[in-house]
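One structure is given here, and the rest of the page talks about it.
Nothing in this text is a laboratory measurement; each read-out follows from the coordinates by a stated rule. All of these numbers come straight from a predicted model, not from anything done at the bench. Here the Cβ is made from the backbone with ideal geometry for all residues, glycine too, and neighbour counts use every protein chain on show.
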Amino acid sequence: MRAVISIRPLDRTRVLLVLTVAATLASQLLADGVPAGSLWEGPLRAAAPLGGLGVLVYMFFRRSGSAVAFTVTGRAFVTSSHVSRLLGFGLLLGSGRTAFGEWDGHGPGTTLLITTSVGCVAVFVVLIWRGMPALELRAEGIRLTGPGGADIPWEALGSGSPRRPSPSSWSLALTVARPDLLPKRLRGRALLPLGWDTHPHLVVAAIRWYVDHPEDRARIGTQAEHDRLVSALDRV
């Protein structure tokens, strides 16, 4: 972790989302506009689904982002879900023909399936637009926003944890010192999802730092503390 790479701002993510929707709609409209059996009909109809498949395949090989930074909000250090965004883009592209195509002529079962799939994609679109799910490091603890969100106080975690995850890990096991301070669903096994924009090694190191250094927690959310943290962890 040598160079600080700024995380994609939420506005840029929204622009990408709008462009993805526009590209998906355009491929469907162009495919509908060419004569049936035309040389271009097949490629145009397959472009968006193949693009979606490519994004999903990429997601499995690149589960986390590589940014060596958090987004500084004034109250927290924040990183958005890399995996959820890729999944949302992949599903949007893959279901474009379903969402923007002709709905007539289907039976009740097929219509229900189409409606459900489009509804799932719509949920992902809303979450991406709002920058959720997100991981927030706050003065009082760790906050997971979005569906299944939770607040984890620093005091609930044991010193020296968590350990650096393996490259194939989808979640991070937290060492718990005070299970009574955790949300009920985390008391059996405290797992933090991975797959954020920020490099997982920085996420883990930052959590461990604030577990072990309570005197620095009050400055979380400031640019000065963020720069000090990244610099300090780069030397570890």
Subject >> FRET E, pair Asp180, Thr73, Förster distance 30 Å, beta-carbon r, rounded to 0.05 >> reply: 0.55
Subject >> Quarter of the Cα convex hull surface for the range 134-234, i.e. its orientation-mean projected area (nm²) >> reply: 6.3
Subject >> Cβ-derived FRET efficiency at R0 30 Å, Ser231 paired with Ala150, nearest 0.05 >> reply: 0.50
**OP:** Can you tell me how much longer the chain between Ser66 and Ser166 gets when fully stretched, taken as 0.36 nm per residue apart minus their C-alpha distance, in nm with one decimal?
**Re:** 34.5 nm
Original post:
For Leu16 and Arg189 in the same chain, what is the full-extension length gain: residue separation times 0.36 nm, less their Cα-Cα distance, in nm?
Top reply: 58.7 nm
**OP:** Have a look at His226, Gly141, Ala173 and report the one farthest towards the positive end of the charge dipole of the range 134-234, computed about the Cα centre with Cβ charges (Lys/Arg +1, Asp/Glu -1).
**Re:** Ala173
Original post:
In debye to the nearest 20, how big a dipole does the range 191-236 give about its Cα centre with +1 on each Lys and Arg Cβ and -1 on each Asp and Glu Cβ?
Top reply: 60
